[in-house]
Amino acid sequence: MQETTEHTELRRTVANIVENEINPFVDDWEEAEMMPLHDICKKMGQAGVLGISKPVEFGGMELDYSFEVAFAEEMGHAKAQGVSTAIGVQSNMATPALAVHGSDELRRDFLAPAIAG
């Protein structure tokens, strides 16, 4: 994979979220036996990293899959891999079929909010 400045920017954004919004709180989440995934998804959506390969018209970035790989590699630095898994399922298991095969109405009602977090 040929890294570009865009890959580096994406990595920096994701690393910032992992370092500041996830890792400092993992011990507290473990103790409370809960993770605030809705809050984390919202922050990731605000950072624009939940729609990497999804259509622009629904809030995505429409980038190639190498950017999803860079995203996943940075998420691998999270101390709570449950967070990485949940985000990965949302980004790369739940939404791809909707992005490709969903009607415009379904994509507007479900894909766009998923990308927004």
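Against the chain, whose longest principal axis is taken from its Cα atoms, helix 37-46 shows a tilt of about 60°.
Mind pulling the angle between the C-alpha long axis of helix 65-75 and the longest principal axis of the chain? Nearest 10 degrees, somewhere in 0 to 90. Taking Cα atoms only, the helix is inclined about 10 degrees. Sorted ascending by nearby beta carbons within 10 Å, beginning with the fewest, PHE71, PHE25, PHE58 become PHE25, PHE58, PHE71.
Each residue of segment 82-93 is assigned a 3J(HN,Hα), and the resulting list reads x, 5, 4, 5, 4, 5, x, 5, 4, 7, 10, 10 Hz, derived from the Karplus form 6.51 cos²θ - 1.76 cosθ + 1.60 (θ = phi - 60°), x at Gly and Pro. Residues THR85, THR95, arranged from fewest to most other Cβ atoms within 10 angstrom of their Cβ, appear as THR85, THR95. The angle separating the long axis of helix 5-17 from the principal Cα axis of greatest extent in the chain is about 40 degrees.
Counting pairs of Cα atoms in segment 1-80, how many percent are more than 22 Å apart? Can you show the working numbers first?
Values: 845 of 3160 pairs.
In whole percent, the share of Cα-Cα pairs in segment 1-80 beyond 22 Å is 27.
Quick note: the coordinates plus some simple rules give every number you see, no bench work behind them. Model, not experiment: these values are computed from the prediction. Neighbour counts run over all protein chains shown; Cβ positions are idealised from the backbone, glycine included.
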